[in-house]
Structures are given as C-alpha cells and as structure tokens.
Amino acid sequence: MSDIRPETKQAQARKKVLVLFSGRGSNMASLIAASMAADYPAIITHAITNVPDAGGLEIAERHGISSKVLDHKEFDTREAHEQALVELINAEKPDLICLAGYMRILTDKFVKQYRGKILNIHPSLLPAFKGVDTHHRARLAGVRIHGASVHFVDETLDGGQIIAQAAVPVEQNDDDESLGARVLEAEHRLYPHALELVASGKVRLSGSRIVVSNSNKSTMGGTLFSPSIEAKKYIR
Ligand code: GRF
C-alpha cells in the first residue's frame with residue numbers, strides 16, 4: 001500500500017506546513033505521520049534541506065512531499081543562502097514553518113519576516129541548555145529531569161515563547177546516547193502535539209505571551225518527579 005496521502009478537500013483546509021531540516025529527519029517523520037490522520041489540523045506540504053545527502057530527503061520523497069535541496073556551501077554568504085531560501089518559501093506560501101533539526105542560524109531579518117509562524121524543537125527543557133550537546137551538558141550538570149521543548153523562534157539562539165515541553169528522567173547509569181534516545185522518543189510525541197496546538201489555534205501568540213486555550217496537563221498535578229515519589233506520599 002502506498003503511504004502517499006491523497007490530496008483531499010479536507011487536506012486543503014488544513015494549515016500548510018513547510019519543514020526545514022539538515023539531518024536524519026526523524027522529527028519531520030513524526031510530523032508527517034501525525035498529519036496522516038484526517039482530523040489533524042496541519043499537513044506537511046514541503047520540505048527543504050541545506051544538506052544534499054540529508055537522510056530526511058528519502059523520508060520526504062517516500063511520502064510524496066515536495067522536497068528541495070538548497071546547499072549553503074554553494075552560496076558566498078549566509079545572507080545570499082537565506083535570500084534563496086526566502087524565495088523558495090514564499091513561492092510555496094506555507095502557513096507555518098517547522099524547523100526539525102535545521103542546523104543553520106537564521107538571521108534576524110528572516111525571523112522577523114515569519115514571526116509567530118516558525119516553530120523549532122530543541123532537545124532540552126528550555127531555557128536550560130540552549131545550543132548543542134544538550135544531553136552531555138545535562139548529565140554533567142547533574143539534572144534529574146531533562147527533556148525537549150517546542151517553541152516559537154525569535155532572534156535569539158533557541159529563544160522564543162515555549163509552546164510545549166516534555167520531561168523525562170535522567171537515570172543513574174545513563175550515558176549521552178541512552179539519555180538522548182529517551183529524549184528523542186519524547187520529541188516524536190511532543191512535536192506533533194505542539195504543531196497541532198498551534199495549527200488548531202489552541203495556542204497562539206498574544207504580543208510576547210503565549211495564550212493556551214486548554215492548559216490541561218498530562219501528568220497528575222502537572223508535575224513529573226525524578227526520582228519518583230512513592231504513591232500518595234506527599235498528598236494530603
Ligand atoms: C533533534 O534532537 C532536535 O531536537 C534537534 O535536532 C535533532 C534532529 O533530529 N533540533 P532529527 O533530524 O529530527 O532526527
């Protein structure tokens with residue numbers, strides 16, 4: 001059976017999403033998988049990578065998503081590469097742009113142009129551990145809870161209003177790989193959830209604040225404890 005989605009009327013009414021990626025594309029794959037559901041409010045229509053041999057290209061192709069390579073090495077300056085990117089994006093007129101492991105710093109000009117429309121996933125509980133090597137730095141810092149965040153993108157590195165976060169425990173004998181794998185698994189559930197919130201209008205930007213129409217938490221009391229607390233111990 002083909003896993004290429006039919007372009008239904010319903011699909012056209014959904015928010016059009018363009019994904020920017022640089023690597024294996026597992027987060028893009030999770031967004032594509034979520035958008036297969038008829039009632040999902042967004043559809044991944046385009047994907048652009050700056051890396052000619054990025055693994056994600058095969059994922060996009062397999063799902064019939066229009067994909068393009070815009071190799072930054074073929075441009076003299078960051079600005080020239082970004083200008084070409086803007087032209088590609090504007091030709092497609094997406095409602096939202098999802099960064100999924102896009103390893104290029106975006107200029108202020110780019111971010112301003114799409115303010116409130118660009119989402120990013122970062123493998124830490126922001127504002128902790130911005131930048132790279134987040135799992136290693138989380139272990140070094142000795143945090144007991146780590147995780148992932150989806151946020152609107154602003155002009156600062158890994159900055160912007162946080163839309164949703166997932167927390168995972170840091171286990172006693174974790175190494176960077178095992179912790180990273182646990183976070184990645186959470187990312188694959190978190191990103192589709194966050195995109196759904198934005199695309200359906202349940203989360204929106206009001207000035208510099210995030211407004212959430214349904215702020216239910218998925219764990220009791222909204223708190224995840226690690227190490228775990230014996231059931232009922234602190235409940236009065
Ligand atoms: C993810 O960990 C994401 O949080 C970070 O880059 C990684 C991309 O992985 N921004 P993938 O390409 O989506 O598998």
Given labels modelled 7 Å from the Cα in the Cβ direction, how far is it in nm from residue 66 to residue 87?
1.6 nm
Proximal lysine pairs, the stretch 1-114, alpha carbons under 26 Å, eight or more residues apart or interchain:
18
When every alpha-carbon pair in the stretch 92-172 is counted, what percent end up more than 15 Å apart?
56 percent
Of the residues 29, 167, 13, which exhibits the maximal mean-square fluctuation in a Gaussian network model of the chain defined by a 10 Å Cα contact cut-off?
13
Among the complete DSSP H segments of the chain, which ones combine at least 15 Å of alpha-carbon extent along their axis with a mean Kyte-Doolittle hydropathy of -0.5 or more?
78-92, 176-199
Cα-projected label distance for residue 79 with residue 211, points at 7 Å along beta-carbon direction, nm:
3.7 nm
Under a Cβ-Cβ cut-off of 13 Å, what is the net charge of the residues other than residue 104 that fall near it, where Lys and Arg count +1 and Asp and Glu count -1?
-1
Surrounding charge for residue 129, neighbours by C-beta under 10 angstrom, Lys/Arg +1, Asp/Glu -1, total 0
Calculated FRET efficiency for the pair residue 39/residue 184, C-beta based, R₀ 41 Å, to 0.05
0.95
Unit charges on C-beta of K, R, D, E only; dipole of the chain, Debye:
1140 debye
Rg over Rh of the stretch 148-199, using C-alpha atoms and the Kirkwood radius, what does it come to?
1.05
Given C-alpha coordinates of the stretch 21-101, what is the ratio Rg to Rh with the Kirkwood estimate of Rh?
0.98
The whole-number value in µm²/s of the Stokes-Einstein translational diffusion coefficient for the stretch 1-151, with Rh from the Kirkwood sum over alpha carbon pairs at 10 °C and 1.306 mPa s, is 96 µm²/s
Within a Cβ distance under 15 Å of residue 169, other residues only, what is the Lys/Arg minus Asp/Glu net charge?
-1
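None of the figures in this text is laboratory data; all of them are computed from the coordinates on show. Fair warning: this is a prediction, and the values are worked out from it, not measured in the lab. As a convention, Cβ positions derive from the backbone with ideal geometry for all residues, glycine included, and neighbour counts pool all protein chains shown.
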